[in-house]
Structures are given as C-alpha cells and as structure tokens.
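Attaching a single structure in structure tokens format; questions to follow.
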Amino acid sequence: MTAFSLDGAVALVTGATGGIGRASCRALAEAGAIVIASDLAAEAEVEGAVAYRQLDVTSEDAWAELIRAIASEHERLDILVNNAGISITNAIAETSLAEFRKCMAINVEGVFLGTKAAQDLLARSGQTRQGGSSVINLSSVGGLKGAAFMAAYCTSKGGVKLFSKSAAVEFAMLGLPIRVNSVHPGGIDTNMMDTIYARYVESGLFPDEATARNIVSAGHAMGRMGDTEEIANGIVYLASPAASFMTGSELVIDGGMTAK
Ligand SMILES: NC(=O)c1ccc[n+]([C@@H]2O[C@H](COP(=O)([O-])OP(=O)(O)OC[C@H]3O[C@@H](n4cnc5c(N)ncnc54)[C@H](O)[C@@H]3O)[C@@H](O)[C@H]2O)c1
C-alpha cells in the first residue's frame, strides 16, 4: 500500500453532483476509499460512490442525522470533503442582503456545521489511520484575492480559508488526529463557471460569454481553465497518509493565476 492509498478509508463528499464533487468521488474511490456522496437532490447516481444521501449543508439537523447514519453503517469517517458551494456574481450595489447571507450560509456556515458535526467521528477514526483523518474545505483563488462583482463569494471563501486554519490549529492543540486544509482552485470548467460567465454578461462586464471565458482563461499563467480532475487529484493527496504533515495549509491549484 503506497502513502497515497485510501484503502479502507470512509469519505463523505458534499455538493457531490456538481463538477468538482463528481470528480472527487471518482478519484477518492479510485484511490481505494469507500465514498458517500451527498447533495441537495433527494436521489442521484454518483460514479464511485457506494451510497448517495440527501444533505443540505446549511441544516444542522441534517448533518447530525447523516453523521449518525455513517457512524452506524460504516463505524468510521476518515475524510470529509466540504465541497458544496454557490457563487454570487453581482456588483456590491446590486447585491441584496438575502443573497449575501445565502452565500455565507452555504459556503461558510455549511463548512462550520459539517466540521462540527463530524469532529468526534473523525477524531475516533483518525486514531486508527496513518496520517489521521482529513477535512478538506473547498475555498478558491477568490479566498486569496479579491475580484470585481464577486464580493460575497470572495468574502465567503476567505472565511473558509481562515476557518480551516483555525480548525487545524485547534484540533492539533487538542491532540485530535484530524488534519484540516483548504483547496484553492482557479477557474475550473463546471456549471458554476458557466453561471459566472452568464452573470458577467448580464452585469455588462463583458459583451458575451465567449469573451468572458477567454479573459478568465488568460488570467491563468497557463492560459487555460482547469479540469475537475486536476482539483480532485489534490483532494486525494490531502486525504491520504502522504499528506500526514499537512494541516492548516492552502493547496492552490490554479494554473498560476495567483502567481502573477
Ligand atoms: N468551478 C470553479 O471554477 C471553482 C473555483 C474555485 C472554487 N470552487 C469551489 O468548488 C466547489 C465546487 O464547485 P463546482 O465548480 O463543482 O460547482 P457546481 O455548481 O458544479 O457544484 C456545486 C454543488 O454544490 C451543491 N450545493 C449548493 N448548495 C448546496 C447546499 N445548500 N447543500 C448541499 N449542496 C449544495 C450544488 O447542488 C452543486 O451540486 C464550490 O465550493 C466552489 O465554490 C469552484
């Protein structure tokens, strides 16, 4: 078994019917994990997952119920991928308080609720797993730098970054074998980016979606968007014993976007 193997580990992925979520379920399963996929829909098929469970990440009760079910069916949880998220693409002057709060509720409170609900099970499981258990929170390049028409989103992703660091330090200080890291993708080809291009055009920032896509692509040093698999591979690494000394860190997978 290599240090990158996830054999025997149980993983939960939120937002698992989206682009990065699906790729993560596939990649975690390929590395040997037993994957439970979750998302808003009542039912879904997700490649690589042994089960699909409905979970709205903003519901504390739903989190408690799902973690109880995983504890009773699998007796452990080694990997939690807090991936569910939404983007809000709007000028600050046009963003309603309700929109702003919705972004915080899903992107930030969802990560807090999931980490809190799973902490005890992750801690127990981490004691019997090389490298401990692993929480992987999807932030963004938007959690590292600001962007026009993305204030709510960038605020939420900055929150995810510092929640992750705080949890990492706290769990280490408490002697809990739970590593916590954030992942910061650049622009990745998923429904979320399609929505962002459409909103850029509606907001008058770009004349059409093709122009928006070209300009966003050119913002990466490598001059292209990323694939979902390129993010999933980083998630597998953070989940694995190979990342046993990684906690509180920011894994930036952005084709050089923030390097320039
Ligand atoms: N695509 C990108 O360019 C990009 C870049 C940086 C970060 N990210 C982050 O990666 C994560 C995945 O994004 P994606 O690109 O795959 O987007 P996506 O829109 O394809 O998938 C997001 C998933 O989250 C789910 N979701 C939304 N609200 C939810 C809720 N309340 N409870 C549970 N699930 C909910 C959606 O149903 C969807 O399946 C997000 O956190 C996103 O912010 C994406």
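Which residue is surrounded by the most Cβ atoms within 10 Å (Cβ to Cβ), if the candidates are limited to region 158-206 and must be of a type in the set (S, T, N, Q) and either outside any strand (DSSP E or B) or modelled with pLDDT under 95 (or both)?
Ser164
Within region 78-102, how many residues are more than 18 Å from Ala148 (Cβ to Cβ), hydrophobic (A, V, I, L, M, F, W, C) and away from the ligand (no atom under 15 Å from the Cβ)?
2
Something else: What is the number of the single condition among (1) within 13 Å of the ligand (Cβ to nearest atom); (2) of a type in the set (D, E, K, R); (3) out of contact with any helix residue (DSSP H, G or I) (no Cβ under 9 Å at 6 or more places or on another chain) that Glu73 does not meet?
Checking Glu73 against (1) within 13 Å of the ligand (Cβ to nearest atom); (2) of a type in the set (D, E, K, R); (3) out of contact with any helix residue (DSSP H, G or I) (no Cβ under 9 Å at 6 or more places or on another chain), the one that fails is (1).
Looking only at residues in region 134-157 that are assigned to a helix (DSSP H, G or I) and within 12 Å of the ligand (Cβ to nearest atom), which one is nearest to Thr95 (Cα to Cα)?
Result: Ala152.
Give me a count of the residues in region 6-65 that are at positive phi and more than 13 Å from the ligand (Cβ to nearest atom).
Qualifying residue count for the region: 3.
Conditions tested, residue by residue: (1) under 24 Å from Ala167 (Cα atoms); (2) aromatic (Phe, Trp, Tyr); (3) surrounded by fewer than 16 Cβ atoms within 10 Å (Cβ to Cβ).
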{"residue": "Ala23", "(1), (2), (3)": "no, no, no"}
{"residue": "Val35", "(1), (2), (3)": "yes, no, no"}
{"residue": "Ala42", "(1), (2), (3)": "no, no, yes"}
{"residue": "Glu60", "(1), (2), (3)": "yes, no, yes"}
{"residue": "Ile67", "(1), (2), (3)": "yes, no, no"}
{"residue": "Ser96", "(1), (2), (3)": "no, no, yes"}
{"residue": "Val108", "(1), (2), (3)": "yes, no, no"}
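Follow-up question, since we're still on this one. Take the residues in region 179-195 that are near the ligand (Cβ under 6 Å from one of its atoms), among the aliphatic types (A, V, I, L, M) and in contact (Cβ under 8 Å) with a residue 60 or more places away in the chain; name whichever of them is nearest to Ser133 (Cα to Cα).
It comes out as Ile188.
The values are calculated or read from the model by the stated rules, or taken from the named source; none is laboratory data. Model, not experiment: these values are computed from the prediction. In this analysis, Cβ positions are derived from the backbone assuming ideal geometry, glycine residues included, and neighbour counts consider all displayed protein chains.
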